[in-house]
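Peer 1: Structure incoming, see below.
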Amino acid sequence: MASDFQINSGVRSLLAKHWIDLKKVQLGAFHGTVRLTGELCRLGGECASDHDPRLVDNLDAEIRMIRGVERVYFELTNWRRGGGGEWICTDRAARAKTTTSSSGESMVLNVQTSSQEGRQDQPKAAARRAP
C-alpha cells in the first residue's frame with residue numbers, strides 16, 4: 001500500500017495538471033482516504049465559473065486511480081453532489097454568469113448590483129452572446 005505522503009503527492013500533481021489553485025483547496029490523505037476541502041478554482045480564473053461538472057467528475061475518477069486511494073471525500077464550498085450523484089455548482093455568481101436563451105444559444109450575463117440606502121441589492125443583468 002502506498003504511504004499517505006505518496007498519495008498526497010499524487011493528488012497534488014493531479015490538481016496541478018488540471019491547473020487547480022492549490023492555495024484555495026486543502027487536501028489530506030490518511031490510510032488511503034483522501035479529503036479535499038475548500039474552494040475549487042483554476043489558476044488565474046474565477047472560482048467555479050470556468051468549470052463544468054465534468055471537471056469535478058474527472059478529478060474524482062483520476063484521484064481514485066492513484067495507487068493506495070480507497071476513498072475520496074469532497075467538502076467544497078463551491079460544488080456539492082446532488083441526489084443523483086451529479087455535481088452542482090453552488091457559486092451564485094458562476095451560475096448567474098452563463099445561461100441558455102430560448103433559441104438554445106449560450107448567453108453570458110454581466111451581473112451588476114446597485115445599492116441604495118434602505119433597499120436590498122437588486123441585480124441588473126445585460127446579456128450578450130457567448131463567443
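Every number here is computed from the coordinates shown, using simple stated rules; none is lab data. Computed from a predicted structure; not experimentally measured. Here the Cβ is made from the backbone with ideal geometry for all residues, glycine too, and neighbour counts use every protein chain on show.
Peer 1: Let me check I've understood the local charge: for residue 32, count other residues with C-beta under 9 angstrom from its C-beta, Lys and Arg +1, Asp and Glu -1. What total comes out? Before the final figure, lay out each step's value.
Peer 2: Numbers: positive: 71; negative: 4, 70.
For residues surrounding residue 32, the net value is -1.
Peer 1: Hey, quick one: spin label on residue 81, modelled 7 Å out along Cα-Cβ, who in the stretch 1-44 has an amide N within reach, i.e. under 13 Å?
Peer 2: Answer for this model: 34-36.
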